[in-house]
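See below for the structure under consideration.
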Amino acid sequence: MRQGRRPAWQQDGTEPDYRFSLANERTYLAWIRTALSILAGAVLVHQFASRLQPRGLALAGTVLLCLLAAALCGLAYFRWRANEIAMRHAQPLPFPHVIPLLSVCLLMLGIFVGVMVAIA
């Protein structure tokens with residue numbers, strides 16, 4: 001059976017213990033589930049916030065949630081890849097920049113939703 005060609009970065013360094021690679025993959029999938037949850041929140045806002053005024057704010061919230069979910073998917077891949085590279089070269093894992101970014105975005109979203117509810 002022919003396997004797909006591996007990227008160059010997966011051929012560098014030493015193959016890490018499969019348990020660490022699988023743990024890294026589970027973390028990646030957790031980030032993807034988080035992005036899917038945020039995307040589901042965007043659908044919820046779009047469907048149920050249609051009565052909120054001004055309508056543009058509800059639409060902006062939907063778009064921002066969709067963008068956050070898309071960004072989180074991309075950042076999850078780059079985080080997974082950076083962790084794999086670090087493990088292959090026996091280096092410390094890189095700082096998870098995604099975590100503070102997600103926290104700040106969700107904090108702003110919470111404030112946004114609070115203002116929307118107060119206005120309605």
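From (1) modelled with pLDDT of 85 or more; (2) at negative phi; (3) open to solvent by 50 Å² or more (accessible area, probe 1.4 Å), pick out the condition that doesn't hold for Ala82.
It is condition (3) that Ala82 fails.
Across region 54-75, what is the number of residues that are small (Gly, Ala, Ser), crowded, with 17+ Cβ neighbours inside 10 Å and under 20 Å from Ser103 (Cβ atoms)?
2
Quick check on region 22-60: of everything there that is among the small types (Gly, Ala, Ser) and over 30 Å from Ala82 (Cβ atoms), which residue is modelled with the highest pLDDT?
Out of the qualifying residues, it is Ala60.
Residues that are touching a residue at least 40 places away in the same chain (Cβ under 8 Å) and more than 13 Å from the chain's Cα centre (by Cα): does region 59-74 have at least one?
Checking region 59-74: at least one residue is touching a residue at least 40 places away in the same chain (Cβ under 8 Å) and more than 13 Å from the chain's Cα centre (by Cα).
Got a sec? Which of Thr34, Thr27 is surrounded by 12 or more Cβ atoms within 10 Å (Cβ to Cβ), within 30 Å of Val115 (Cβ to Cβ) and not aliphatic (A, V, I, L, M)?
Thr34
Quick one: would you say Leu93 is free of Cβ contacts under 8 Å to residues at least 24 places away in the same chain and surrounded by fewer than 11 Cβ atoms within 10 Å (Cβ to Cβ)?
no
Anything in region 96-120 that is among the β-branched types (Val, Ile, Thr) and surrounded by 14 or more Cβ atoms within 10 Å (Cβ to Cβ)? List them, or say none.
Correct list: Val98, Val113.
The values are calculated or read from the model by the stated rules, or taken from the named source; none is laboratory data. Note that the structure is a prediction, hence the values are computed from the model and not measured. FYI the Cβ positions are ideal-geometry reconstructions off the backbone, even for glycines, and counts take in every protein chain you see. The accessibility values were calculated without ligands, DNA or RNA, using every heavy atom of the protein model including side chains. Shrake-Rupley method; radii C 1.70, N 1.55, O 1.52, S 1.80 Å.
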